[in-house]
Amino acid sequence: MKRNLFSLTVIFLIVAMLLAVTGCAPATPPDEEGEEGVEGVAEGEPIELDLKLAHFWPAAHPAETDLAQGWADAIYEATDGQITVTTYPGETLLKSAEIYDGVVSGIADVGFSCFAYTRGRFPLTEVFELPGIVYNNSKVASKVAWEGLKELQPEEIKDTEMLMVLSTGPGDLVTKVPVRTLEDLKGLELRATGLSAKTLEGLGAIPVAMPQADAYESMSKGIVQGNLTVIETLEGWRQAEVVDYITFTPFLYNTLFFVTMNKDVWNSLPPDLQKIVRDTTEKFHEEVAIGLWDMQVESALKFSVDEFGLELIDLTEEETARWMELVEPVQEDFVAEMEAKGLPGREALEVAKKLADKYNEIYK
């Protein structure tokens, strides 16, 4: 009798435990696939995310104060505080050339840097930095690149969630010695990155690859004699202190920047928040990002002349024609290289030229 009573007691306890466990289970099945992110956050459910944004510009540069911080504030407001973005300027989280892959691996949730800092990593994207294509300003160059990448959909940028692409617009030569002719350029060691290095080499200069953060010291020590860059660096990076001349070469240079998010982080956002982030970023791109470098160029040019007395040099028409003749073959070299890799180089070049014509008419 005692044994039967003991057995009944054990059975009773097991049943009670099972009831307690199943009572904690959800009464309804989970949402259908596609209605929640990888972390299981359903659409409309409140979340709190603090995203790390890595970039290389100094903390006082407009790329931090206006763009990175401005975008972070816009996202925070649009998501009612559900997404906070903490920025890490000045390479404090990742070095400039490591930022894209750092986003892929999850060291940073969001990255803001240059495609050109990892030459060869983004082959088709280089079409928007080719010499011989004229962009009136950063608005034109930014619209061309962002719209063009949406049209081309290159595989090279699909391992992150690309949020926006913007551009410096046309850049120029800033040097310690005057450059008025190809002969002045020949043998001159100049800082350049990405496709700009190949462009300078074709003109007879000696390109030296380095990030923008190293250019000031290299020019001050005479390691290089100048920089092929957007003029904003003369103020934003204080390079007006170590050069004496600006030679305007708007057909030589254009550099693209990306703002991109780790794919897993993006997929963890429910669809409603993804839409808010996308819509907010597109609005910010149009109202702030595409014109940011134009504003800086105007300020830096005045700063360089008024504060440091830099001499401005315009190439003659004849000299410009000489330079253009040497850089235009770079376009065909690009097409051949892309086609050899099975990439649509010709299509990409035509897209870039078509969009440049379109937006040069809109943003004069």
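The values are calculated or read from the model by the stated rules, or taken from the named source; none is laboratory data. Note that the structure is predicted; figures quoted are calculated from it, not measured. All Cβ positions, even for glycine, are placed from backbone atoms using ideal geometry, and neighbour counts span all protein chains on display.
The residue of the stretch 76-121 that is surrounded by the most Cβ atoms within 10 Å (Cβ to Cβ), among those that are β-branched (Val, Ile, Thr) and more than 29 Å from PRO271 (Cβ to Cβ), is THR118. For the stretch 334-364, filtered to residues that are touching a residue at least 24 places away in the same chain (Cβ under 8 Å) and over 25 Å from ASN137 (Cβ atoms), the residue that is surrounded by the fewest Cβ atoms within 10 Å (Cβ to Cβ) is LYS341.
For the stretch 165-186, does any single residue satisfy the condition of being touching a Lys or Arg at 6+ places or on another chain (Cβ under 7 Å) and modelled with pLDDT under 95? No: the stretch 165-186 contains no residue that is touching a Lys or Arg at 6+ places or on another chain (Cβ under 7 Å) and modelled with pLDDT under 95. The set of residues in the stretch 41-95 that are under 21 Å from the mean Cα position of the chain (by Cα), in a helix (DSSP H, G or I) and without any contact (Cβ under 8 Å) to a residue 12 or more places away in the chain comprises THR65, ASP73, TYR76.
Identify all residues within the stretch 246-276 that are among the β-branched types (Val, Ile, Thr), crowded, with 21+ Cβ neighbours inside 10 Å and part of a helix (DSSP H, G or I); write none if there are none. Residue satisfying the conditions is VAL265 alone.
Starting from residues that are of a type in the set (Ser, Thr, Tyr) and under 22 Å from the mean Cα position of the chain (by Cα), keep the ones in the stretch 208-239 and report whichever is nearest to SER196 (Cα to Cα). For the stretch 208-239, the residue satisfying everything is THR229. The one condition from (1) of a type in the set (S, T, N, Q); (2) out of contact with any Cys (no Cβ under 9 Å at 6 or more places or on another chain); (3) within 26 Å of ALA97 (Cα to Cα) that THR320 does not meet is (3). For the condition of a type in the set (Ser, Thr, Tyr), at pLDDT 95 or above, crowded, with 16+ Cβ neighbours inside 10 Å and over 26 Å from LYS158 (Cα atoms), SER304 qualifies. Is there a residue in the stretch 148-161 that is in contact with a strand residue (DSSP E or B) (Cβ under 8 Å, 6 or more places away or on another chain) and small (Gly, Ala, Ser)? The answer is no, given that none of the residues of the stretch 148-161 is in contact with a strand residue (DSSP E or B) (Cβ under 8 Å, 6 or more places away or on another chain) and small (Gly, Ala, Ser). Restricting attention to the stretch 174-186 and to residues that are in a loop (DSSP other than H, G, I, E, B) and in contact (Cβ under 8 Å) with a residue 40 or more places away in the chain, the residue that is farthest from TRP57 (Cα to Cα) turns out to be THR181.
Looking only at residues of the stretch 187-199 that are within 11 Å of THR255 (Cα to Cα) and assigned to a loop (DSSP other than H, G, I, E, B), we find that the one that is modelled with the lowest pLDDT is GLY194.
Of everything in the stretch 200-235 that is part of a helix (DSSP H, G or I) and touching a helix residue (DSSP H, G or I) at 6+ places or on another chain (Cβ under 6 Å), the residue that is nearest to TYR135 (Cα to Cα) is THR233. If we scan the stretch 131-146, do we find a residue that is part of a strand (DSSP E or B), more than 19 Å from VAL327 (Cα to Cα), among the aromatic types (Phe, Trp, Tyr) and within 14 Å of the chain's Cα centre (by Cα)? The answer is no, given that none of the residues of the stretch 131-146 is part of a strand (DSSP E or B), more than 19 Å from VAL327 (Cα to Cα), among the aromatic types (Phe, Trp, Tyr) and within 14 Å of the chain's Cα centre (by Cα). Residues in the stretch 106-130 that are aliphatic (A, V, I, L, M) and outside any loop (DSSP other than H, G, I, E, B): VAL110, ALA116, LEU124, VAL127. Quick check: is even one residue across the stretch 222-241 touching a Leu at 6+ places or on another chain (Cβ under 6 Å), crowded, with 23+ Cβ neighbours inside 10 Å and not assigned by TED's automatic domain parsing to the domain that holds THR181? Within the stretch 222-241 (the criterion being touching a Leu at 6+ places or on another chain (Cβ under 6 Å), crowded, with 23+ Cβ neighbours inside 10 Å and not assigned by TED's automatic domain parsing to the domain that holds THR181), the answer is no, since none of the residues qualifies.
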